[in-house]
Amino acid sequence: MTERIDPALPKVELHLHFEGAAPPAFIRGLAREKNLDISRIFTEDGGYAYRDFWHFLDVYEAATTTLQTPADFARLTTAVLEDRAQDGVIYAETFLSPDFCGGGDVGAWKEYLHAIREAATQAEQTLGIILRGIITPIRHFGPERSRPIAICAAETAGEFITGFGIAGDEKQFHPRDFTWAFDCAREAGLRLTAHAGEWGGPDSVRDALDHLRPERIGHGVRAIEDPSLVDRLAEDRIVLEVCPGSNVFLGIYPSFGAHPVAQFRDRGVRVTLSTDDPPFFHTTLTREYAALSQAFGWTEDDFRAINLDAARAAFCDEGTRNRIIQTIEGRA
Ligand code: ADE
Ligand code: ZN
């Protein structure tokens, strides 16, 4: 049975790449203003054009070349939060990469962060959406570059920068190469997540858990190929940030029905739902819910339960957590 999903259902999104959430029209507009020719990254009808995940990473990085100043990132913040609020998102965590905001220099990063926070505060006041930031080095940029990024994270850890993670090409380097960065972030009090088990198999998830000791895993879906690892995820209460539409669009699974998200839930693993890079995958959380409802018969009650789990796993202070839980439960 398929249920119509009310777009206003309050949603929590924990896995969202900031530049990956940029509407293509916004990036095209910036390119025009700055006289940058990045037409190769767009389709004729104005979407992002790429062949596969690795080409996606290339197109993603080309799009970021238009984001050159703190003011550009302030405008990006507003554009991203307007879209998410429209989708019923009340609380979002986004991956922020100082690599794209001043190249890992702490002073420059603080200026970008200030601009992002100002725009986020404005959006919270006008749209009611709360944003928190998770700093992420980019794995294929290499371990050396992850160190200044971890220092940027440690220097700005606090109420807004609450987490640290790693994104990028999972096929390059090994989690052990990033232990210095993760230890630095952990010592600064940041909560930890790591992309794994998207393009790598169960070993990649196990290695990320062993070496980086995150409490959440970005994607993690390929863990389904090893039942003992699924048991470990359930026993250790590791939370998966699952992005089914991203996985289907990029070809990891042929359809929502073939996606393992329902199996993880059945096996007692805590799953949350996110969009990853929504305009790249032509998705929104409301569309994800509709597709999952069609594939697995999930109802609004299932999505409410998943959003409560996401709120419990959110990298935020307890006051914020209680506020978002009350909104999901319809008490606020
Ligand atoms: N950066 C942006 N989207 C990503 C994804 N799905 N996996 C790894 N790195 C990313
Ligand atoms: Zn991701």
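The values are calculated or read from the model by the stated rules, or taken from the named source; none is laboratory data. This one's a predicted model, so the numbers in the text were calculated from it and none came from an experiment. Neighbour counts run over all protein chains shown; Cβ positions are idealised from the backbone, glycine included. Heads up: the accessible areas ignore ligands, DNA and RNA and are worked out on the full protein's heavy atoms, side chains in. Shrake-Rupley method; radii C 1.70, N 1.55, O 1.52, S 1.80 Å.
Here is how the numbers come out for the structure above:
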quantity: Cα-centre dipole for the chain with unit charges at Cβ (Lys and Arg positive, Asp and Glu negative), debye to 20; calculated: 260 debye
quantity: Heavy-atom SASA rank of LYS171, LYS11 (probe 1.4 Å, accessible area, largest first); calculated: LYS171, LYS11
quantity: Lysines whose Cα lies under 28 Å from that of LYS110, excluding same-chain neighbours fewer than 8 positions away; calculated: LYS34
quantity: The chain - accessible surface per residue (Å², probe 1.4 Å); calculated: 39 Å²
quantity: Convex hull volume of the chain per residue (C-alpha atoms, cubic angstrom); calculated: 124 Å³
quantity: Solvent-accessible area, 1.4 Å probe, carbon plus sulfur percent, for the chain; calculated: 47 percent
quantity: Loop sites in the range 241-332: trypsin sites (Lys or Arg not before Pro), DSSP, at most 12 other Cβ within 10 Å; calculated: ARG331
quantity: Sum of -39500 (n - 2.57) over DSSP H runs of 4+, divided by residues of the chain (222 nm, nearest 500); calculated: -14000 deg cm²/dmol
quantity: Rounded to 5, the percent of DSSP beta bridges in the chain classed as antiparallel; calculated: 5 percent
quantity: Global geometry of the range 223-332, whether rounded, prolate or oblate, following the gyration tensor of its Cα atoms and the 1.5 cut on a/c; calculated: oblate
quantity: Equivalent ellipsoid dimensions for the range 24-66 as semi-axes, Å, which come from the Cα gyration tensor, largest first; calculated: 17, 11, 7
quantity: Extended-chain gain in nm, criterion 0.36 nm per residue less alpha-carbon gap, GLN122 and THR69; calculated: 17.2 nm
quantity: Span-rule helices in the chain, defined as complete DSSP H runs reaching 27 Å or more along the axis (Cα) with Kyte mean at least -1.0; calculated: 106-127
quantity: Alpha-carbon centroids, the range 166-226 and the range 129-145: separation in whole Å; calculated: 12 Å
